[in-house]
Amino acid sequence: MRYHNLGRTGWKVSEISFGAWAIGGSWGQVSHKDAMGALNKAVDSGVNFIDTADVYGDGRSERLIAELKKSRSEEIIVATKAGRRLPKQTVEGYSRKNLTAWVEDSLRNLATDTIDLLQLHCPPTELYSRPEVFGILDDLVKAGKIRYYGVSVEKVEEAIKALEYPNVQTVQIILNCFRQRPEEDFFALAKRKQVGILARVPLASGLLTGKLRRDSIFAPDDHRNFNRRGEAFDVVETFAGVDYETGLQAVEEIRKLLPPGMSMSQFALRWILMFDAVTCAIPGEKNPAQVSDNCRASELPEVSGEAMEAIRRIYDEKFRPAVYSRW
């Protein structure tokens with residue numbers, strides 16, 4: 001496992017980290033045994049950074065992480081998110097009262113006195129023009145409730161705007177073979193400001209594992225069933241906002257590029273790690289086997305120039321027209 005600086009925090013985090021949405025909820029049933037097995041396997045594999053949110057399983061994800069930290073001696077840096085408890089996303093909802101209450105809830109769930117990294121959880125675009133919200137986060141740092149803060153965004157424009165706030169340490173943004181705009185418009189700016197980049201939805205909700213098919217069936221409580229058209233939250237969170245059929249077609253083209261002995265998931269993650277502006281990828285995992293497969297990406301050879309060009313052509317032809325201007 002290799003490690004990179006996380007913004008200007010002084011922390012070095014594993015380039016393959018752990019996304020803890022799936023063990024919390026909205027991905028079908030994940031048993032306590034599997035969830036803890038996945039978390040422990042991650043730490044055993046060198047992972048030292050876990051990303052979660054207060055709404056993942058209504059706190060279940062955070063509580064599982066607290067259980068992990070209690071049983072392990074290694075340093076584990078935990079990033080959580082706040083803002084999605086609002087019944088409707090409004091800038092006014094990100095008030096001092098609400099942000100303080102959400103932080104206190106996460107502190108209880110995580111069984112800690114201070115949150116390592118708090119991220120605003122895909123707030124409305126307008127919020128990035130409201131410096132008073134970031135002032136509240138500064139006050140939470142001064143109060144010792146959080147060490148650092150960042151943002152999780154849906155749009156590249158939001159990521160760019162967030163860089164105007166000097167104490168933003170990290171930006172979490174969708175990056176995968178199907179969603180390449182951040183590399184074009186954002187990476188150089190973030191690198192210049194020494195802001196960490198957390199690549200979220202790196203496997204496009206499982207499409208880039210190469211295991212999904214046209215007839216794949218998802219559980220009723222799996223967002224890949226109930227949110228395909230954005231019925232519950234922004235469609236960008238499900239299959240990275242791309243058309244499912246088009247994604248399957250692209251996967252078959254990518255499969256031809258795989259070097260011997262490399263899984264589709266490993267290839268997709270290794271592709272992300274080719275961009276030196278990226279601090280880490282945060283794939284979601286539901287069991288130890290998935291963790292092992294994903295973590296191996298860190299030790300595999302670089303993706304060839306020819307393969308990088310091929311991935312770019314696939315993106316340009318199949319996805320860019322639909323996703324570039326939207327997100």
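The values are calculated or read from the model by the stated rules, or taken from the named source; none is laboratory data. Predicted model, so just to flag it, every value in this text is computed and none were measured. Neighbour counts run over all protein chains shown; Cβ positions are idealised from the backbone, glycine included. Areas reflect the complete protein model, heavy atoms only, side chains present, ligands, DNA and RNA absent. Shrake-Rupley method; radii C 1.70, N 1.55, O 1.52, S 1.80 Å.
Starting from residues that are part of a loop (DSSP other than H, G, I, E, B) and of a type in the set (D, E, K, R), keep the ones in the range 58-79 and report whichever is least open to solvent (accessible area, probe 1.4 Å). If you could, list the steps in order and put the result at the bottom.
Quick first cut of the range 58-79, residues part of a loop (DSSP other than H, G, I, E, B) only: 58-59, 72-76.
Of the ones still in play, those that are also of a type in the set (D, E, K, R) are 58, 72, 74-75.
Working: D58: 100, R72: 51, E74: 81, E75: 124 Å².
Selected residue: R72.
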remark   = If you go through R60, R84, R130, the only one that is at pLDDT 95 or above and farther than 25 Å from I197 by Cβ is R60
message = Quick check on the range 217-243: of everything there that is under 20 Å from P283 (Cα atoms) and β-branched (V, I, T), which residue is farthest from the chain's Cα centre (by Cα)?
response = V242
query = Considering K155, K161, K145, which residue is charged (D, E, K, R) and under 18 Å from the mean Cα position of the chain (by Cα)?
reply = K155
query = If the Cβ limit is 8 Å and pairs must be 6+ apart or interchain, which residue in the range 27-51 that is in contact (Cβ under 8 Å) with a residue 12 or more places away in the chain and of a type in the set (S, T, Y) pairs with which residue that is open to solvent by less than 20 Å² (accessible area, probe 1.4 Å) and part of a helix (DSSP H, G or I)?
reply = S45/V291; S45/C295
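Open to solvent by less than 50 Å² (accessible area, probe 1.4 Å), closer than 17 Å to R2 by Cβ and out of contact with any Phe, Trp or Tyr (no Cβ under 7 Å at 6 or more places or on another chain) - does that describe any residue in the range 298-321? Even if it seems obvious, please write down each step before you answer.
Going through the range 298-321, the residues open to solvent by less than 50 Å² (accessible area, probe 1.4 Å) turn out to be 298, 300, 303, 305, 307-308, 310-311, 314-315, 319.
Filter again for closer than 17 Å to R2 by Cβ, leaving 298, 300, 303.
When the remaining residues are screened for being out of contact with any Phe, Trp or Tyr (no Cβ under 7 Å at 6 or more places or on another chain), the result is 298, 300.
Yes; the residues of the range 298-321 include at least one that is open to solvent by less than 50 Å² (accessible area, probe 1.4 Å), closer than 17 Å to R2 by Cβ and out of contact with any Phe, Trp or Tyr (no Cβ under 7 Å at 6 or more places or on another chain).
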task = Tell me, yes or no, whether the range 114-122 has at least one residue that is acidic (D, E), surrounded by 15 or more Cβ atoms within 10 Å (Cβ to Cβ) and under 19 Å from P166 (Cα atoms).
result = yes
Index of the failed condition, V291 passing every other in (1) at pLDDT below 95; (2) open to solvent by less than 60 Å² (accessible area, probe 1.4 Å) = (1)
query = Given the conditions (1) within 28 Å of L117 (Cβ to Cβ); (2) out of contact with any Phe, Trp or Tyr (no Cβ under 9 Å at 6 or more places or on another chain), and given that K211 satisfies all but one, which numbered condition is not satisfied?
reply = (1)
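Need at least 3 residues that are touching a strand residue (DSSP E or B) at 6+ places or on another chain (Cβ under 9 Å) and open to solvent by 20 Å² or more (accessible area, probe 1.4 Å) per element, so show me which strands (runs of 3 or more DSSP E) inside the range 1-57 make the cut, counting only ones lying wholly within it.
In the range 1-57, 3-5 are the strands (runs of 3 or more DSSP E) which contain 3 or more residues that are touching a strand residue (DSSP E or B) at 6+ places or on another chain (Cβ under 9 Å) and open to solvent by 20 Å² or more (accessible area, probe 1.4 Å).
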task = Please go through the range 281-304 and pick out each residue that is in a helix (DSSP H, G or I), within 23 Å of I197 (Cα to Cα) and either free of Cβ contacts under 8 Å to residues at least 12 places away in the same chain or of a type in the set (A, V, I, L, M, F, W, C) (or both).
result = V291, C295, A297
query = Residue check, T112 against (1) in contact (Cβ under 8 Å) with a residue 40 or more places away in the chain; (2) among the β-branched types (V, I, T); (3) within 22 Å of A35 (Cα to Cα); (4) not in a loop (DSSP other than H, G, I, E, B), all met but one. Which one?
reply = (4)
